[in-house]
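Step one of this worksheet: look at the structure below.
Throughout, read-outs are computed from the coordinates displayed, never taken from laboratory work. No experiment lies behind these values; they were computed from the predicted model shown. Please note: Cβ atoms are built from the backbone with ideal geometry, for glycine as well, and neighbour counts cover all protein chains shown.
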Amino acid sequence: MRTAAIERRTAETRVSLQLALDGGETRIRTGLGFFDHMLMQLARHGGLGLVIEAEGDLPVDSHHLVEDVGLCLGDALKEALGDRAGLARFAHAYVPLDEALARVVVDLSGRPWCEFHADLPPVVLGDGFQTEMVREFFIALAMRGGLALHADLLRGVNTHHKVEALFKALARALRGAVRLEGSGIPSTKGTLSA
């Protein structure tokens, strides 16, 4: 089973996260409705089982909570992938949402990197989700998950559509990259690690 369970406790946040790469239960509660909606998109379109219970210092802002969920998801992804044998490893996805179009390309190389290029106005969506946190979430996921992640918002007008297209493209790219298509390590080095 390609699964992982992660717990993170700090003075600012408490996160409990369970990930199943091949699907399963999905239940998400972070205290930020818009963020929950984006994480549901990630689970649904990524074919993932994802259970998240998280609390954070939201009266300060959304930064600590969103980043820590990204860190935990990255940790869970790294654990669930194991030695990464048999993975497709590389994948990309283009996802439109009405006028918005996003592209995400991933390499489950074990070497963390994040390129994030999206024109998102610095606004708050829903009940406290700051758009600046989309980039921070993607970076946290890439750094802790050991993947090269390139995310580009190619066009868009509506901020909700822009962010949702990015999360859905991430979901579809991850779905393709974690797909099993063999048994060996997909690298000429014989290992996928940092």
Seminar exercise, completed: Among residues of segment 48-70 being in contact with a Leu (Cβ under 8 Å, 6 or more places away or on another chain) and not in a strand (DSSP E or B), the residue farthest from residue 123 (Cα to Cα) is 48
For this session: Of all residues in segment 27-64, count the ones that are hydroxyl-bearing (Ser, Thr, Tyr) and closer than 16 Å to residue 17 by Cα.
Result: 1
For this session: Pairs only if they're at least six apart or on different chains, beta carbon under 9 angstrom, first in segment 84-98 and on the phi > 0 side of the Ramachandran plot, second β-branched (Val, Ile, Thr) and assigned to a strand (DSSP E or B); list them, first residue then second.
Result: 89/106
Problem set entry | Yes/no for residue 172 being more than 25 Å from residue 56 (Cβ to Cβ), over 12 Å from the mean Cα position of the chain (by Cα) and surrounded by 15 or more Cβ atoms within 10 Å (Cβ to Cβ) | no
